[in-house]
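Undergrad: Before I ask anything, here is the structure I am working with.
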Amino acid sequence: MSKISFAKLQQKYGGMYVLTDKPDGKVVATSKNLGKAFKEAEKKGYKYPAVQFVEPYGTLAIYEAKISLRD
């Protein structure tokens, strides 16, 4: 199966939570409300789907995180 293009996800699901069967897998549920999306996925038999929020079309979000394994 081919990887889903994020640009195509933005065009179709911009501003929504997208739940897939596995990371970069088949879309199983979408909603602007995360709880509703999980309920929809569970009804379809997907108890632990992969989740991502898709920014509205034409928007780019850049996140920075610092992780340290030292005390």
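The values are calculated or read from the model by the stated rules, or taken from the named source; none is laboratory data. Here the structure is a predicted model, which is why all the values come from computation and not from measurement. We place every Cβ from the backbone using ideal geometry, glycine too, and count neighbours over all the protein chains shown.
Undergrad: Can you pull out the residues in region 26-49 that are of a type outside the set (Phe, Trp, Tyr), surrounded by 15 or more Cβ atoms within 10 Å (Cβ to Cβ) and in contact with a strand residue (DSSP E or B) (Cβ under 8 Å, 6 or more places away or on another chain)?
TA: Hits for region 26-49 are VAL27, VAL28, ALA29, THR30, SER31, ALA37, GLU40, ALA41, PRO49.
Undergrad: Continuing with the same structure: Within region 1-55, which residues are among the charged types (D, E, K, R) and touching a residue at least 40 places away in the same chain (Cβ under 8 Å)?
TA: Residue satisfying the conditions is GLU55 alone.
Undergrad: Any residue at all in region 30-38 that's modelled with pLDDT under 95 and either in contact with a Lys or Arg (Cβ under 8 Å, 6 or more places away or on another chain) or of a type in the set (Gly, Ala, Ser) (or both)?
TA: Within region 30-38 (the criterion being modelled with pLDDT under 95 and either in contact with a Lys or Arg (Cβ under 8 Å, 6 or more places away or on another chain) or of a type in the set (Gly, Ala, Ser) (or both)), the answer is no, since none of the residues qualifies.
Undergrad: A further question on this structure: Test each condition in (1) exposed (fewer than 13 other Cβ atoms within 10 Å of the Cβ); (2) of a type in the set (D, E, K, R); (3) in contact (Cβ under 8 Å) with a residue 24 or more places away in the chain for LYS66 and report the one that comes out false.
TA: With (1) exposed (fewer than 13 other Cβ atoms within 10 Å of the Cβ); (2) of a type in the set (D, E, K, R); (3) in contact (Cβ under 8 Å) with a residue 24 or more places away in the chain applied to LYS66, the lone miss is (3).
Undergrad: Anything in region 1-37 that is within 22 Å of ALA61 (Cβ to Cβ) and among the hydrophobic types (A, V, I, L, M, F, W, C)? List them, or say none.
TA: Once the filter is applied, which keeps residues that are within 22 Å of ALA61 (Cβ to Cβ) and among the hydrophobic types (A, V, I, L, M, F, W, C), region 1-37 yields ILE4, PHE6, ALA7, LEU9, MET16, VAL18, LEU19, VAL27, ALA29, LEU34, ALA37.
Undergrad: I'd like the full set of residues that are of a type in the set (Ser, Thr, Tyr) and either touching a helix residue (DSSP H, G or I) at 6+ places or on another chain (Cβ under 8 Å) or at pLDDT below 90 (or both), limited to region 39-71.
TA: If the condition is that a residue be of a type in the set (Ser, Thr, Tyr) and either touching a helix residue (DSSP H, G or I) at 6+ places or on another chain (Cβ under 8 Å) or at pLDDT below 90 (or both), then TYR57, THR59, TYR63, SER68 are the ones that fit.
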